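Accompanying notes for the structure given below.
The values are calculated or read from the model by the stated rules, or taken from the named source; none is laboratory data. Keep in mind the model is a prediction, meaning the values are calculated, not measured. Note that each Cβ is placed from the backbone with ideal geometry, even for glycine, and that neighbours are counted across all protein chains shown.
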Amino acid sequence: NARIQEETPSRGTLPYAKNAVVSFASQPLSQATLQGLETNGYTTMTAIQSGSIPHALAGRDILGAAKTGSGKSLAFLIPLLETLYRQGFTPHDGVGAIVLSPTRELAGQLFAVLRKIGKFHSFSLGLVMGGQNKNKQKFDNNDFVREQQALPTTNILICTPGRLLQHLEQTPYFNVDSLQMLVLDEADRILDMGFRDQLIKILDYLPTERQTLLFSATQTKSVKDLATLSINRNTVEYVGVHDQD
Ligand code: ADP
């Protein structure tokens, strides 16, 4: 595809000049994604988006430094939708992408954004997080069973780590062999919240041939260690976005 070729930045380069205004429409995106963006009022990319989306669309892994509020969500949700679209995923194909989020609140917000921008696609989406009803154990168990039933035909999962691991360990017919993309959002917070061991167990279940996008506000040693563990390929792009100066 000539258009994709043309718009693919070389490795190790920033796709656009600093502070350049780049439209979503200039990217090689499907009509369904462009329509989802447009109907929600998204027209030009933020810095983290223009820095990482072209590389992610080229199939590269991303290690992104970006704070909350910088527009990270679309920086990974757009490539995620495009990857499954290009692969022709349908609900029969099962899980194609997993996003791990540190908190239920953040997971819920991501899910809402995904529903909005993904509404012209026909993927099945799932929000998988523990303890919806902390005070009512039996309802929580019902939620778990409902999730178990839905998982085999869900394409995109937004999860908190504990709950995803519980399903990987306990849910029959939950097959992640077709996984194309793993996103770790707010990796520093995931680690701060004590999910490291669970993350390592999760990684063990996932196919190693996949694209991984890892975003973190801070680049601590433990985030770098996690990047080493989760990013398998040598095509990783480092995308850093700093406050405007
Ligand atoms: P983060 O994931 O980095 O915390 P969000 O993705 O939640 O940031 O984005 C922060 C805010 O900026 C949200 O209100 C979102 O709707 C808005 N936003 C994100 N990308 C764009 C864009 N390209 N154009 C306009 N607003 C945007």
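Okay, here's what the table says:
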| item | result |
| --- | --- |
| Selection count, region 65-88, where residues are touching a strand residue (DSSP E or B) at 6+ places or on another chain (Cβ under 9 Å), more than 6 Å from the ligand (Cβ to nearest atom) and either of a type in the set (K, R) or modelled with pLDDT of 95 or more (or both) | 8 |
| Qualifying residue in region 178-193 (condition: more than 26 Å from G59 (Cα to Cα) and surrounded by fewer than 18 Cβ atoms within 10 Å (Cβ to Cβ)) | yes |
| Test: S10 is among the polar types (S, T, N, Q), within 20 Å of T83 (Cβ to Cβ) and more than 10 Å from the ligand (Cβ to nearest atom) | no |
| In region 21-32, the residues that are within 13 Å of the ligand (Cβ to nearest atom) and of a type in the set (S, T, Y) | S23, S26 |
| Hey, V99 closer than 21 Å to T212 by Cα, β-branched (V, I, T) and away from the ligand (no atom under 13 Å from the Cβ) or not | no |
| Output for region 35-57, where each listed residue is within 18 Å of the chain's Cα centre (by Cα) and within 13 Å of the ligand (Cβ to nearest atom) | G36, L37, M45, T46, A47, I48, Q49, S50, G51, S52, I53 |
| Region 201-214 residues that are charged (D, E, K, R), paired with ones that are part of a strand (DSSP E or B) (beta carbon under 7 Å, 6 or more apart) | R210/M181; R210/L182 |
| Residues of region 31-56 that turn out to be under 13 Å from L81 (Cα atoms) and surrounded by 15 or more Cβ atoms within 10 Å (Cβ to Cβ), as a count | 8 |
| Output for region 22-57, where each listed residue is under 17 Å from A97 (Cβ atoms) and either among the acidic types (D, E) or part of a loop (DSSP other than H, G, I, E, B) (or both) | L29, S30 |
